[in-house]
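Student: What follows is a single structure, and I will ask about it in a moment.
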Amino acid sequence: MPTEVLMPALSPTMEKGNLAKWLKKEGDQVKSGDVIAEIETDKATMEVEAIDEGTLGKILVPEGTQDVAVNTPIAVILADGEDASAAAAPSPKAAESAPPAAAAPVEPSPVTASAPATPAVINSAVANPPQPEVMPEADVPEGTEFVNQTMREALRDAMAEEMRRDGDVFVMGEEVAEYQGAYKITQGLLQEFGARRVIDTPITEHGFAGVGVGAAFTGLKPIVEFMTFNFAMQAIDQIINSAAKTLYMSGGQVHSSIVFRGPNGAAARVAAQHSQDFTAWYSHIPGLKVVAPYTAADAKGLLKSAIRDPNPIIFLENEILYGHASPVPKLDDYTVPIGKAKIARPGKDVTIVAWSIGMNYALKGAEELAKLGIEAEVIDLRTIRPLDIETVIASVKKTGRAVTVEEGWSQSGVGAEIVAQLVEKAFDYLDAPVLRVTGKDVPMPYAANLEKLALPSVQDVVDAARAVTYR
Amino acid sequence: MVVAAKKPAVAKAATPKAPVKAAAKSPARRSEKTGAVAEFSKEEELDAYRKMLEIRRFEEKAGQLYGMGLIGGFCHLYIGQEAVVVGMQAALREGDQVITGYRDHGHMLATGMDPKGVMAELTGRRGGYSKGKGGSMHMFSTEKGFYGGHGIVGAQVSLGTGLAFANRYRDNGNVSLTYFGDGAANQGQVYESFNMAELWKLPVVFIIENNKYAMGTAVNRASAQTDFSKRGASFNIPGEQVDGMDVRAVTAAGARAVEFARSGKGPYILEMLTYRYRGHSMSDPAKYRSKEEVQKMRTEHDPIEQVRARLLEKKWASEDELKAIDAEIRDRMNAAADFASADPEPDVAELYTDVLR
C-alpha cells in the first residue's frame, strides 16, 4: 500500500512550514534514513528523512510552497509493484509515516541577520493574531513607515541595534552564538559582533547568571538569555539576591544594568516543568523591573529601553508569540518607555487588563463581546513592574468593571495584585467585583485536551466580562 | 620579535601598587603544598603587623559594640584569619577587585576602607558604607575595588567570576580575588564558576579560607575531599595549600597566583589553612570544638604574634614601639566606634531610595 509522507511538526509550537527543497525526484528509489526534502521553519531549515523504503511515487507539494500545514501529505512512497494512482485515497494510518520531530536532524540555518529567515506564523492560537486597534506608537512621527516583523526579528534587531550603539552590551546564554539561538532570537549576532560579545555558556544557569551580575557590577550591560525562564529557577537566587538587592544594600554604590530575557510561560505540549508563567514571581521583587510585551513593536522598543536601563530587567517573552508578525515602525532608534501601559482597544463597558500572550485571549474576547454589544476596553500592561495602575484606574473610572487575564496561576498572581489595587484605589468606581481569568490551579498537563483546559480561553474572557457587566 | 601594541589599560591600573615580592614562577598544574615564604623586610613586617592588628582591634571593638546592643543581626568576626587578607592584598594593584562572603570586615579594612565607615555600617548609621542599609554582611566600596560583602553562601563565587569576566572583556589586566570559605566550597555554583573561569581563562584567584568549620560543622563532617586545593583538579585549575596563619606564606602564594591570573593563564586556587578564634557569629558559643583546640592555635600559630616575635627577635622594633603602634590603632578603632555610636541613623527618607536607579 502506498505510504504518504506528511509535513512533519519540527518543534512543539510548529503548525506550518515552507517546503524549501526536494532532494529526491519522482521515480527515485528511497531508503529509510534518506533525506528527501528540506523544510524551512521560522527557526531553522530542517531535513526530512524517509522512514519507509520504496520509490518516490509522487510529489504532492512542490518545492517553494509556503505555509504548508503540519500533517499535510507532501509525497507518496510506493512499495514494489505499486503505482501512484493507488495513493488517491489517503490512508488513515498515514500519520505514522511522518518522521517524528525528534528524529529530524537539526541543521542550523545559515541565514544571517542581513537576510533573516522568512517569517512564518506558526501557531493556530495566533495564526490570525488580533491587532490592537490603537497602535502603541503614539510618539511615532506622522508618516512613519511600518514594516511587518515577527517578534523574533524585532527582538534580534533590538539587541543588534543596542550592541552597535554601546560596546558594553553583550549577550550570553546557552546556544546564543554558534547555534544562533535555541529559538533563533540571537540569529546573526555572532557573525556581526563576534565571540567576545556573543557568548555561548555551558548549561549552568545559576553560574552564568551570577557571572552576568558580577560583570554588571563593574558597569558592563549584559543581556543574559535563558533558553526558557523555567531554567531561570536555578538562577533565581542570583537574580533576586544579587541583581535586585545590591543597589539597595550598597547604599546606591553598585548597580546592575542587566537584562534577563527569554521565553516565559506555556509553549505547547511540553508539560509541567517547561510550561510555567513566572510573571508574578518576579513582579513581587523590589529592585527589578518586569516587562512582558505582546506586539513586535513593543518587543523591540521595550527591549531597547531595557538594555539601556541601569536596573536589572526581567524581560519575559513568549515562545508562541515569537513567530507572530505585526507592524514595527521603521525608525533608526525606536524605544518604548518601561512602565507605561497602553490602551490596545478602546471601549466603554468593561476594562480587560492583560499582557504578553494574555492579550491574545483579551483581544479575541473583546471581538466576541462586541458581537454581543459589549464594548470592552483592552489594556496591554506591557510592563508588570512598575505597574501602570493609573492607566487601569482611568479606564475603570469609565467602565466601572474589570477583568484580568493571565496564563499564570491565580493565587498571588498579577491579577490578584490588580484586583487589590483597584479595591484600594478605585473602589467607589467599581460596579461589580473584578474577576480574574487565569491558568487553572494545576501543574501543566501534557495531554492535549488537558493542556487546553489548563490554559485560559477566549470563552473564559467572554464569560468573565459578561458576568461583570451582568449581560 | 614583533611586539604588539598593548591595548590601553584603565589609566589608574598602569603601575602596580607594590612590587611583586616573590618570583612568579608558573607552578605545576597540580595541587601542592608549599612551604615557600616571602622574606620580609623590616618595613614589610611592620606593615603587616599594623594591618593585621588593625583588623584584630577593629573586630574586638565590633564584638564589644555587639555586646552593647549597638550592632544588630548577624556579626561574623575575622579574628584569627587576619594574615589571609593582608598577605593577599599585597599582590594587588589599583583596579583589581576583591569580593567575599559575609565574614567581610577584614577584607574591607585590607582594601583600605575607612574603619569609621565600616563600623558605622555595622551600627546601621547614615555614615556607613551602605548608608546603614546593608549592615555587616553587605558593604561595598567600588573606589577601593571591594564588591561585597555577600550574604548568600557561595553566591560571591559566581559574582567574582563575573568581575573577572569583565576584566577579560575590557582586557584591562585586572584580577578578581574571590574569597569563600570551606563551607561555601561545597555549593554547586562554585563548580559552575570554576568551569567557566577555566574555560574562558578568566583572571580570577579563588581563595578558599578553610577555617576548619562551616558554621558548626567541622570540615571532615561536610566535605568528601578536605584538601580544597584539589577542588579545581577536574577543571585543570591549579591549586595549592598555604599556611594561612603566616602572612609571609600568604604573600608569596598570593603573588604567584595573582601573577598567574594576570598573565592570562586563567584561574588559580589558593586554599588558606586558617582558623577563626571566635564563634561562627556573635551568637555562636562554639560548643563544637574544645577550648584547648582554640588555645593551641592562639598560642602556637597566631598570625600577629608570629610577626611580633620576628620583629622583636630581629630587633626591628622594641616592645615600646610595638605598644605605641597598638595604642595608635586602638585610638583609631575607638574613634571609629565613637563615630559609629554617635552618627545618626539614616534619614527615614532613605527607606525608599536606592531601590532602583
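Student: Would you mention how many residues in region B:174-189 are within 14 Å of chain A (Cβ to nearest Cβ) and either surrounded by 24 or more Cβ atoms within 10 Å (Cβ to Cβ) or in contact (Cβ under 8 Å) with a residue 60 or more places away in the chain (or both)?
Tutor: So the answer is 9.
Student: Among the residues of region A:172-195, is any at the interface with chain B (Cβ under 8 Å from one of its Cβ atoms) and modelled with pLDDT of 95 or more?
Tutor: No, every residue in region A:172-195 fails to be at the interface with chain B (Cβ under 8 Å from one of its Cβ atoms) and modelled with pLDDT of 95 or more.
Student: Would you tally the residues in region B:335-357 being exposed (fewer than 13 other Cβ atoms within 10 Å of the Cβ), away from chain A (no Cβ under 14 Å) and in contact (Cβ under 8 Å) with a residue 12 or more places away in the chain?
Tutor: Count: 1.
Student: Would you mention how many residues in region A:259-286 are in a loop (DSSP other than H, G, I, E, B) and surrounded by 23 or more Cβ atoms within 10 Å (Cβ to Cβ)?
Tutor: Qualifying residue count for the region: 4.
Student: Quick one: in region A:210-258, which of the residues that are part of a strand (DSSP E or B) and touching a residue at least 60 places away in the same chain (Cβ under 8 Å) is farthest from the chain's Cα centre (by Cα)?
Tutor: That would be A:K221.
Student: Condition first: in contact with a helix residue (DSSP H, G or I) (Cβ under 9 Å, 6 or more places away or on another chain) and at pLDDT 95 or above. Can you find one or more residues in region B:346-353 that meet it?
Tutor: Checking region B:346-353: at least one residue is in contact with a helix residue (DSSP H, G or I) (Cβ under 9 Å, 6 or more places away or on another chain) and at pLDDT 95 or above.
Student: A further question on this structure: Being more than 26 Å from B:T178 (Cβ to Cβ) and surrounded by 16 or more Cβ atoms within 10 Å (Cβ to Cβ) is the filter here, so list the residues in region B:254-301 that pass it.
Tutor: Selection gives B:A286, B:V294.
Student: Among the residues of region B:125-171, how many are of a type in the set (K, R), more than 24 Å from B:A197 (Cα to Cα) and under 16 Å from the mean Cα position of the chain (by Cα)?
Tutor: Going through region B:125-171 one residue at a time, the tally reaches 0.
Student: Any idea which of A:L220, A:L302 is more than 14 Å from chain B (Cβ to nearest Cβ), modelled with pLDDT of 95 or more and either surrounded by fewer than 22 Cβ atoms within 10 Å (Cβ to Cβ) or under 28 Å from A:D157 (Cβ atoms) (or both)?
Tutor: Going through A:L220, A:L302 in turn, the sole match is A:L302.
Student: Let me ask something else. Yes or no: region B:109-125 includes at least one residue that is farther than 22 Å from A:L247 by Cβ and without any contact (Cβ under 8 Å) to a residue 40 or more places away in the chain.
Tutor: yes
Student: Please return the ranges of helices (runs of 4 or more DSSP H) entirely within region A:400-471 where 2 or more residues are of a type in the set (D, E, K, R) and without any contact (Cβ under 8 Å) to a residue 60 or more places away in the chain.
Tutor: The qualifying helices (runs of 4 or more DSSP H) are A:414-426.
Student: With respect to A:I357, is the statement that it is more than 17 Å from A:L455 (Cα to Cα), crowded, with 18+ Cβ neighbours inside 10 Å, modelled with pLDDT of 95 or more and in contact with a helix residue (DSSP H, G or I) (Cβ under 8 Å, 6 or more places away or on another chain) true?
Tutor: no
Student: Taking A:L288 as the residue in question, decide whether it is away from every other protein chain (no Cβ under 11 Å) and either modelled with pLDDT of 95 or more or touching a Cys at 6+ places or on another chain (Cβ under 6 Å) (or both).
Tutor: no
The values are calculated or read from the model by the stated rules, or taken from the named source; none is laboratory data. Because the structure is predicted, anything quoted here is derived from the model rather than measured. No Cβ is skipped: glycine too gets one built from the backbone with ideal geometry, and neighbour counts run over all protein chains shown.
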